[in-house]
Amino acid sequence: MKSTDNKNTKFAQRVQNIDISGIRKIFEAAGEQSINLGLGQPDFDTPDHIKQAAIDAINEGFTSYTVGAGIPELRNALSLKFKKENNFDVSSDEIIVTSGASEALEIALASLVNPGDEVLIPNPGFVSYSALTEIMGGKSVSIPLGKDLNVQPDDVLDNITPKTKALVLNSPSNPTGAVQSRDNIKAFAEIAEDHDITIISDEVYEHFVYEGEHVSPAQYTDNVITVNAVSKTYSMTGWRLGYVAAKGEYIEQMLKAHQYVQACASSISQKAALAAVTGPMEPVHKMHDEFKERRDLLLDGLESLGIKCEKPSGAFYAFPEIPDSLKTTEKLVSNGVIVVPGIAFGENGEGHIRLSYATSSSQIQKALDIMENVI
Ligand SMILES: Cc1ncc(COP(=O)(O)O)c(C=O)c1O
(Lines give C-alpha, C1' and ligand atoms only; values in the text may rest on other atoms or scores of the structure.)
Protein backbone atom coordinates (compact mmCIF):
# COMPACT_ATOMS: atom_id res chain seq x y z
CA MET A 1 0.00 0.00 0.00
CA LYS A 2 1.31 3.46 -0.92
CA SER A 3 1.47 6.01 1.78
CA THR A 4 2.50 9.63 2.08
CA ASP A 5 3.47 11.31 5.34
CA ASN A 6 2.59 8.09 7.16
CA LYS A 7 -1.02 8.61 6.10
CA ASN A 8 -3.04 5.90 4.46
CA THR A 9 -3.76 6.76 0.81
CA LYS A 10 -6.87 4.57 0.69
CA PHE A 11 -8.90 7.13 2.62
CA ALA A 12 -9.51 10.79 1.99
CA GLN A 13 -7.28 13.28 3.71
CA ARG A 14 -10.33 15.17 4.97
CA VAL A 15 -11.20 12.37 7.37
CA GLN A 16 -7.68 11.22 8.14
CA ASN A 17 -6.77 14.75 9.26
CA ILE A 18 -9.38 14.56 12.00
CA ASP A 19 -8.49 13.13 15.38
CA ILE A 20 -11.04 10.89 17.07
CA SER A 21 -12.92 12.84 19.74
CA GLY A 22 -10.76 13.32 22.84
CA ILE A 23 -13.87 12.89 24.95
CA ARG A 24 -14.53 9.37 23.73
CA LYS A 25 -10.96 8.25 24.52
CA ILE A 26 -11.38 9.29 28.14
CA PHE A 27 -14.73 7.52 28.53
CA GLU A 28 -13.27 4.26 27.25
CA ALA A 29 -10.87 4.16 30.23
CA ALA A 30 -13.60 4.64 32.87
CA GLY A 31 -14.93 1.98 35.23
CA GLU A 32 -18.64 1.14 35.42
CA GLN A 33 -19.17 2.64 38.90
CA SER A 34 -17.59 5.96 37.95
CA ILE A 35 -19.25 9.28 38.74
CA ASN A 36 -19.82 10.91 35.40
CA LEU A 37 -19.05 14.63 35.23
CA GLY A 38 -18.25 14.20 31.56
CA LEU A 39 -21.80 14.08 30.20
CA GLY A 40 -22.87 16.55 27.52
CA GLN A 41 -26.58 15.92 27.99
CA PRO A 42 -29.25 16.52 30.64
CA ASP A 43 -29.74 13.60 33.03
CA PHE A 44 -33.54 13.96 32.90
CA ASP A 45 -36.05 11.84 31.04
CA THR A 46 -37.86 13.31 28.02
CA PRO A 47 -41.16 14.77 29.35
CA ASP A 48 -44.18 12.44 29.05
CA HIS A 49 -46.29 14.64 26.75
CA ILE A 50 -43.43 14.62 24.21
CA LYS A 51 -43.02 10.85 24.39
CA GLN A 52 -46.79 10.46 23.94
CA ALA A 53 -46.71 12.57 20.76
CA ALA A 54 -44.10 10.20 19.31
CA ILE A 55 -46.11 7.12 20.33
CA ASP A 56 -49.21 8.63 18.70
CA ALA A 57 -47.20 9.37 15.53
CA ILE A 58 -46.11 5.73 15.31
CA ASN A 59 -49.62 4.40 16.02
CA GLU A 60 -51.12 6.72 13.43
CA GLY A 61 -48.64 5.50 10.83
CA PHE A 62 -46.78 8.80 10.58
CA THR A 63 -43.67 6.89 9.63
CA SER A 64 -42.84 7.97 6.08
CA TYR A 65 -40.51 10.59 4.67
CA THR A 66 -41.73 14.12 5.28
CA VAL A 67 -41.19 17.27 3.24
CA GLY A 68 -37.41 17.79 3.15
CA ALA A 69 -37.40 21.04 5.12
CA GLY A 70 -39.65 19.55 7.82
CA ILE A 71 -43.39 19.34 8.50
CA PRO A 72 -45.12 22.72 8.09
CA GLU A 73 -46.73 22.59 11.58
CA LEU A 74 -43.30 22.31 13.20
CA ARG A 75 -41.74 25.04 11.06
CA ASN A 76 -44.71 27.32 11.86
CA ALA A 77 -44.28 26.61 15.56
CA LEU A 78 -40.55 27.34 15.33
CA SER A 79 -41.22 30.60 13.48
CA LEU A 80 -43.45 31.67 16.43
CA LYS A 81 -40.82 30.48 18.90
CA PHE A 82 -38.13 32.68 17.28
CA LYS A 83 -40.44 35.69 17.44
CA LYS A 84 -41.47 35.08 21.05
CA GLU A 85 -38.25 33.82 22.62
CA ASN A 86 -35.51 35.24 20.40
CA ASN A 87 -37.08 38.48 19.26
CA PHE A 88 -36.52 38.16 15.51
CA ASP A 89 -38.78 37.52 12.54
CA VAL A 90 -38.29 34.43 10.45
CA SER A 91 -40.95 32.83 8.25
CA SER A 92 -41.55 29.08 8.27
CA ASP A 93 -39.93 28.95 4.79
CA GLU A 94 -36.73 30.24 6.35
CA ILE A 95 -36.40 27.22 8.64
CA ILE A 96 -35.02 23.73 7.94
CA VAL A 97 -35.61 20.92 10.42
CA THR A 98 -32.45 18.80 10.75
CA SER A 99 -31.11 15.71 12.47
CA GLY A 100 -29.91 17.50 15.57
CA ALA A 101 -27.84 20.66 15.82
CA SER A 102 -25.00 18.50 14.47
CA GLU A 103 -26.55 18.28 11.02
CA ALA A 104 -27.55 21.94 11.23
CA LEU A 105 -23.88 22.87 11.76
CA GLU A 106 -22.83 20.58 8.92
CA ILE A 107 -25.19 22.07 6.34
CA ALA A 108 -24.37 25.60 7.50
CA LEU A 109 -20.65 25.04 6.95
CA ALA A 110 -21.24 23.04 3.73
CA SER A 111 -23.15 25.98 2.29
CA LEU A 112 -20.45 28.56 3.13
CA VAL A 113 -16.97 27.05 3.04
CA ASN A 114 -14.85 26.63 -0.09
CA PRO A 115 -11.47 24.87 0.16
CA GLY A 116 -9.03 27.27 1.86
CA ASP A 117 -11.74 29.51 3.34
CA GLU A 118 -11.29 30.47 6.97
CA VAL A 119 -13.80 30.00 9.77
CA LEU A 120 -13.29 31.78 13.10
CA ILE A 121 -13.88 29.33 15.92
CA PRO A 122 -13.74 29.80 19.70
CA ASN A 123 -10.78 27.93 21.20
CA PRO A 124 -11.59 26.18 23.48
CA GLY A 125 -14.91 25.44 21.76
CA PHE A 126 -17.34 22.64 20.98
CA VAL A 127 -15.44 19.89 19.15
CA SER A 128 -17.57 19.76 15.98
CA TYR A 129 -16.82 23.28 14.76
CA SER A 130 -13.22 22.73 13.70
CA ALA A 131 -13.73 19.10 12.62
CA LEU A 132 -16.65 20.00 10.31
CA THR A 133 -14.79 23.03 8.93
CA GLU A 134 -11.90 20.78 8.02
CA ILE A 135 -14.15 18.13 6.47
CA MET A 136 -15.41 20.93 4.18
CA GLY A 137 -11.80 21.72 3.20
CA GLY A 138 -11.79 24.96 5.19
CA LYS A 139 -9.28 26.22 7.71
CA SER A 140 -10.36 26.69 11.30
CA VAL A 141 -8.86 29.81 12.84
CA SER A 142 -8.79 29.79 16.64
CA ILE A 143 -10.16 32.76 18.53
CA PRO A 144 -8.76 32.78 22.07
CA LEU A 145 -11.17 33.46 24.93
CA GLY A 146 -11.02 36.49 27.22
CA LYS A 147 -10.70 36.32 31.02
CA ASP A 148 -14.47 35.84 31.28
CA LEU A 149 -14.09 32.77 28.99
CA ASN A 150 -16.04 34.50 26.20
CA VAL A 151 -14.92 35.38 22.67
CA GLN A 152 -14.13 39.14 22.50
CA PRO A 153 -15.00 41.36 19.50
CA ASP A 154 -11.41 42.71 19.27
CA ASP A 155 -9.99 39.20 18.99
CA VAL A 156 -12.44 38.46 16.17
CA LEU A 157 -11.38 41.65 14.34
CA ASP A 158 -7.69 40.75 14.76
CA ASN A 159 -8.22 37.43 13.00
CA ILE A 160 -10.31 38.53 10.01
CA THR A 161 -8.58 38.12 6.64
CA PRO A 162 -9.90 38.31 3.05
CA LYS A 163 -10.47 34.53 3.33
CA THR A 164 -12.72 34.71 6.40
CA LYS A 165 -16.16 33.31 5.61
CA ALA A 166 -17.79 32.71 8.96
CA LEU A 167 -17.64 33.26 12.70
CA VAL A 168 -18.99 30.58 15.02
CA LEU A 169 -20.60 31.85 18.22
CA ASN A 170 -21.86 29.58 20.98
CA SER A 171 -23.60 31.28 23.88
CA PRO A 172 -24.15 29.79 26.43
CA SER A 173 -20.92 27.95 25.69
CA ASN A 174 -19.80 24.38 25.71
CA PRO A 175 -17.26 23.87 27.32
CA THR A 176 -17.03 27.04 29.45
CA GLY A 177 -20.66 27.80 30.39
CA ALA A 178 -19.97 31.48 29.59
CA VAL A 179 -22.82 33.69 28.33
CA GLN A 180 -22.20 36.59 25.93
CA SER A 181 -23.41 40.11 26.78
CA ARG A 182 -25.87 41.95 24.57
CA ASP A 183 -23.17 44.53 23.79
CA ASN A 184 -20.79 41.86 22.50
CA ILE A 185 -23.53 40.23 20.41
CA LYS A 186 -24.29 43.64 18.85
CA ALA A 187 -20.57 44.13 18.16
CA PHE A 188 -20.32 40.72 16.46
CA ALA A 189 -23.35 41.57 14.30
CA GLU A 190 -21.68 44.81 13.25
CA ILE A 191 -18.43 43.03 12.43
CA ALA A 192 -20.35 40.47 10.35
CA GLU A 193 -21.95 43.26 8.30
CA ASP A 194 -18.80 45.36 7.95
CA HIS A 195 -16.71 42.41 6.77
CA ASP A 196 -19.44 40.54 4.93
CA ILE A 197 -19.08 37.34 6.91
CA THR A 198 -21.74 35.02 8.29
CA ILE A 199 -22.27 34.31 11.97
CA ILE A 200 -23.16 30.71 12.73
CA SER A 201 -24.88 31.10 16.09
CA ASP A 202 -25.18 27.83 18.01
CA GLU A 203 -27.86 28.42 20.62
CA VAL A 204 -28.55 24.89 21.87
CA TYR A 205 -28.14 25.92 25.54
CA GLU A 206 -30.31 29.06 25.29
CA HIS A 207 -32.76 27.92 27.98
CA PHE A 208 -30.04 27.31 30.56
CA VAL A 209 -28.99 30.84 31.52
CA TYR A 210 -28.66 31.61 35.25
CA GLU A 211 -27.39 35.20 35.17
CA GLY A 212 -27.70 37.67 32.33
CA GLU A 213 -29.81 36.97 29.26
CA HIS A 214 -29.69 34.97 26.06
CA VAL A 215 -29.35 37.24 23.01
CA SER A 216 -29.60 36.00 19.41
CA PRO A 217 -27.43 37.88 16.89
CA ALA A 218 -30.25 37.48 14.34
CA GLN A 219 -31.94 40.37 16.21
CA TYR A 220 -29.24 42.65 14.84
CA THR A 221 -28.17 41.34 11.43
CA ASP A 222 -29.36 39.18 8.54
CA ASN A 223 -25.84 37.71 8.17
CA VAL A 224 -26.68 34.86 10.53
CA ILE A 225 -27.48 31.19 10.44
CA THR A 226 -29.13 30.39 13.77
CA VAL A 227 -28.57 26.78 14.86
CA ASN A 228 -30.66 25.17 17.56
CA ALA A 229 -32.18 21.84 18.62
CA VAL A 230 -34.66 20.29 21.01
CA SER A 231 -31.78 18.07 22.23
CA LYS A 232 -30.69 19.90 25.38
CA THR A 233 -33.76 22.08 26.10
CA TYR A 234 -36.20 19.18 26.37
CA SER A 235 -33.72 16.42 27.23
CA MET A 236 -34.10 14.81 23.80
CA THR A 237 -30.49 14.21 22.70
CA GLY A 238 -31.26 10.77 21.27
CA TRP A 239 -34.23 11.95 19.22
CA ARG A 240 -31.86 13.72 16.79
CA LEU A 241 -33.92 16.79 16.07
CA GLY A 242 -32.52 20.23 15.39
CA TYR A 243 -33.16 23.20 13.12
CA VAL A 244 -31.61 26.16 11.33
CA ALA A 245 -33.12 29.56 10.65
CA ALA A 246 -31.68 32.03 8.14
CA LYS A 247 -32.62 34.34 5.30
CA GLY A 248 -33.88 32.69 2.10
CA GLU A 249 -30.59 32.84 0.18
CA TYR A 250 -28.93 30.71 2.90
CA ILE A 251 -31.89 28.30 3.14
CA GLU A 252 -31.84 27.70 -0.62
CA GLN A 253 -28.21 26.50 -0.46
CA MET A 254 -28.45 24.60 2.84
CA LEU A 255 -31.56 22.75 1.66
CA LYS A 256 -29.50 21.10 -1.11
CA ALA A 257 -26.95 19.76 1.36
CA HIS A 258 -29.77 18.64 3.69
CA GLN A 259 -31.75 16.87 0.97
CA TYR A 260 -28.86 14.79 -0.29
CA VAL A 261 -27.35 13.95 3.11
CA GLN A 262 -30.47 13.50 5.18
CA ALA A 263 -33.61 13.63 2.98
CA CYS A 264 -35.59 14.71 6.04
CA ALA A 265 -35.38 14.54 9.82
CA SER A 266 -37.15 11.62 11.53
CA SER A 267 -40.92 11.96 11.04
CA ILE A 268 -41.61 10.66 14.55
CA SER A 269 -39.11 13.02 16.17
CA GLN A 270 -40.64 15.92 14.26
CA LYS A 271 -44.03 15.20 15.85
CA ALA A 272 -42.34 14.91 19.24
CA ALA A 273 -40.54 18.23 18.67
CA LEU A 274 -43.86 19.87 17.77
CA ALA A 275 -45.26 18.74 21.13
CA ALA A 276 -42.09 20.01 22.83
CA VAL A 277 -42.08 23.46 21.23
CA THR A 278 -45.83 24.07 21.63
CA GLY A 279 -46.26 22.32 25.01
CA PRO A 280 -45.81 23.33 28.65
CA MET A 281 -42.42 24.77 29.64
CA GLU A 282 -42.54 23.58 33.28
CA PRO A 283 -40.22 20.60 32.68
CA VAL A 284 -37.63 22.98 31.15
CA HIS A 285 -37.94 25.45 34.03
CA LYS A 286 -37.54 22.57 36.50
CA MET A 287 -34.34 21.45 34.81
CA HIS A 288 -33.08 25.05 34.73
CA ASP A 289 -33.63 25.47 38.48
CA GLU A 290 -32.09 22.12 39.30
CA PHE A 291 -29.01 22.88 37.17
CA LYS A 292 -28.59 26.24 38.89
CA GLU A 293 -28.64 24.60 42.34
CA ARG A 294 -26.10 22.02 41.24
CA ARG A 295 -23.89 24.67 39.67
CA ASP A 296 -23.81 26.54 42.98
CA LEU A 297 -23.00 23.34 44.88
CA LEU A 298 -20.15 22.57 42.46
CA LEU A 299 -18.75 26.11 42.54
CA ASP A 300 -18.83 26.27 46.35
CA GLY A 301 -17.09 22.89 46.49
CA LEU A 302 -14.38 23.97 44.04
CA GLU A 303 -13.84 27.18 45.96
CA SER A 304 -13.39 25.32 49.23
CA LEU A 305 -10.79 23.11 47.51
CA GLY A 306 -8.96 26.25 46.42
CA ILE A 307 -9.63 25.56 42.73
CA LYS A 308 -10.18 28.71 40.68
CA CYS A 309 -13.24 28.69 38.45
CA GLU A 310 -14.86 31.54 36.50
CA LYS A 311 -18.57 31.48 37.44
CA PRO A 312 -20.38 29.89 34.49
CA SER A 313 -23.66 31.74 33.82
CA GLY A 314 -25.16 29.13 31.52
CA ALA A 315 -25.31 25.63 29.98
CA PHE A 316 -24.43 22.86 32.51
CA TYR A 317 -20.64 23.04 32.47
CA ALA A 318 -17.96 24.53 34.69
CA PHE A 319 -14.42 25.04 33.38
CA PRO A 320 -12.11 25.29 36.40
CA GLU A 321 -8.38 25.99 36.17
CA ILE A 322 -6.38 22.78 36.59
CA PRO A 323 -2.73 22.65 35.54
CA ASP A 324 -1.66 19.65 33.41
CA SER A 325 -5.25 18.84 32.62
CA LEU A 326 -4.55 15.54 30.86
CA LYS A 327 -2.64 14.07 33.79
CA THR A 328 -5.25 15.29 36.29
CA THR A 329 -8.03 13.87 34.13
CA GLU A 330 -6.33 10.48 33.99
CA LYS A 331 -5.89 10.54 37.79
CA LEU A 332 -9.52 11.49 38.35
CA VAL A 333 -10.82 8.87 35.91
CA SER A 334 -8.75 6.14 37.56
CA ASN A 335 -10.20 7.25 40.94
CA GLY A 336 -13.76 7.01 39.65
CA VAL A 337 -14.62 10.54 38.45
CA ILE A 338 -15.03 11.10 34.73
CA VAL A 339 -14.16 14.61 33.56
CA VAL A 340 -12.97 15.98 30.22
CA PRO A 341 -9.57 17.67 29.84
CA GLY A 342 -9.83 21.20 28.51
CA ILE A 343 -7.42 20.37 25.72
CA ALA A 344 -10.10 18.13 24.13
CA PHE A 345 -11.78 21.43 23.11
CA GLY A 346 -8.70 22.97 21.50
CA GLU A 347 -5.13 23.69 22.59
CA ASN A 348 -6.16 26.86 24.45
CA GLY A 349 -8.29 24.68 26.72
CA GLU A 350 -5.14 23.37 28.37
CA GLY A 351 -4.98 24.39 32.03
CA HIS A 352 -8.67 23.59 32.54
CA ILE A 353 -10.98 20.62 32.87
CA ARG A 354 -14.66 20.55 31.91
CA LEU A 355 -17.06 19.44 34.61
CA SER A 356 -20.65 18.75 33.62
CA TYR A 357 -23.21 19.13 36.40
CA ALA A 358 -25.85 17.16 34.50
CA THR A 359 -25.75 14.63 37.30
CA SER A 360 -27.35 14.49 40.76
CA SER A 361 -26.22 16.71 43.67
CA SER A 362 -25.20 13.62 45.68
CA GLN A 363 -22.94 12.47 42.83
CA ILE A 364 -21.46 15.97 42.55
CA GLN A 365 -20.73 15.97 46.29
CA LYS A 366 -19.07 12.53 46.08
CA ALA A 367 -17.00 13.70 43.11
CA LEU A 368 -15.86 16.77 45.09
CA ASP A 369 -14.76 14.50 47.96
CA ILE A 370 -12.70 12.40 45.56
CA MET A 371 -11.24 15.53 43.94
CA GLU A 372 -10.09 16.73 47.34
CA ASN A 373 -7.92 13.64 47.66
CA VAL A 374 -6.73 13.47 44.05
CA ILE A 375 -5.92 17.10 43.20
C1 LIG B 1 -22.55 23.51 21.63
C2 LIG B 1 -23.17 22.31 21.03
N3 LIG B 1 -23.67 22.38 19.79
C4 LIG B 1 -24.22 21.32 19.18
C5 LIG B 1 -24.30 20.10 19.82
C6 LIG B 1 -24.91 18.94 19.09
O7 LIG B 1 -26.27 18.89 19.39
P8 LIG B 1 -27.23 17.76 18.78
O9 LIG B 1 -27.24 16.63 19.76
O10 LIG B 1 -28.57 18.42 18.68
O11 LIG B 1 -26.69 17.33 17.47
C12 LIG B 1 -23.78 19.96 21.11
C13 LIG B 1 -23.81 18.66 21.79
O14 LIG B 1 -23.13 18.42 22.77
C15 LIG B 1 -23.22 21.10 21.74
O16 LIG B 1 -22.71 21.04 22.97
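For the chain, leaving out every one of the chymotrypsin sites (Phe, Trp or Tyr not before Pro) that falls in a DSSP loop and has at most 14 other Cβ atoms within 10 Å, the longest unbroken run is 66-375. In plain terms, the chain is cut at each of the GluC sites (Glu not before Pro) found in a DSSP loop with at most 14 other Cβ atoms within 10 Å, and the longest leftover piece is 214-375. Backbone amide hydrogens, once placed in the peptide plane, bring Thr164 within less than 5 Å of Glu118, excluding anything fewer than 5 places away on its chain.
Karplus-based coupling profile of the stretch 62-75, in residue order and whole Hz: 7, 10, 9, 4, 10, 3, x, 6, x, 5, x, 4, 6, 5, with θ = phi - 60° in 6.51 cos²θ - 1.76 cosθ + 1.60 and x standing for Gly or Pro.
Only protein atoms count toward the accessible area here, which uses a 1.4 Å probe; on the chain, the carbon and sulfur part of that area reaches 48 percent.
In summary, the lysines within cross-link reach of Lys139, defined as a Cα separation below 20 angstrom excluding same-chain residues under 8 places away, comprise Lys7, Lys163, Lys165.
Under a 5 Å amide H cut-off, with hydrogens placed 1.01 Å from N, Ile200 pairs with Leu167, Val168, Leu169, Ile225 among residues at least 5 apart or on other chains. Taking every protein chain into account, the accessible area of the chain amounts to 45 square angstrom per residue (probe 1.4 Å).
The calculated FRET efficiency for Asp148 paired with Gln259, based on their beta-carbon distance and R0 = 45 Å, is about 0.65. When DSSP beta bridges are restricted to pairs lying wholly in the stretch 116-255, around 20% turn out antiparallel. GNM on the chain, alpha-carbon springs under 10 angstrom: the most fluctuating residue among Asn86, Asn59, Asn159 is Asn59.
From helices alone, the chain scores -12000 deg cm²/dmol at 222 nm; the rule is -39500 (n - 2.57) for each run of n ≥ 4 DSSP H residues, then divide by the residue total. With θ taken as phi - 60° and the Karplus curve 6.51 cos²θ - 1.76 cosθ + 1.60 applied, the whole-hertz 3J(HN,Hα) list for the stretch 144-150 is x, 9, x, 4, 7, 6, 10 Hz, x standing for glycine and proline. So, R0 is 35 Å and r is the distance between the beta-carbons of Ser361 and Asp89; what FRET efficiency does that work out to, to 0.05? Step by step, r from the Cβ atoms, then E = 0.30.
Taking label positions 7 Å along the Cα-Cβ direction at both Lys331 and Glu293, the computed distance is 3.2 nm, reported to one decimal.
When both bridge partners sit in the chain, DSSP labels roughly 45% of those beta bridges antiparallel. Taking amide H as placed 1.01 Å from N in the peptide plane, the amide H of Val340 sits under 5 Å from that of Arg354, each at least 5 places away or on another chain.
Listed by chain and number, the aspartates and glutamates whose C-alpha is less than 13 Å from the C-alpha of Lys247, apart from same-chain residues fewer than 8 away, are Asp89, Asp93, Glu94, Asp222. Taken along the Cα-to-beta-carbon direction at a fixed 7 Å, the label points for Thr161 and Lys286 span 5.1 nm.
The values are calculated or read from the model by the stated rules, or taken from the named source; none is laboratory data. As the structure is a prediction and not an experimental result, all values here were calculated from the model. A quick note on method: Cβ atoms are made from the backbone with ideal geometry, for glycine too, and the neighbour counts reach across all protein chains shown. Surface accessibility is based on the protein's heavy atoms, side chains included, excluding ligands, DNA and RNA. Shrake-Rupley method; radii C 1.70, N 1.55, O 1.52, S 1.80 Å.
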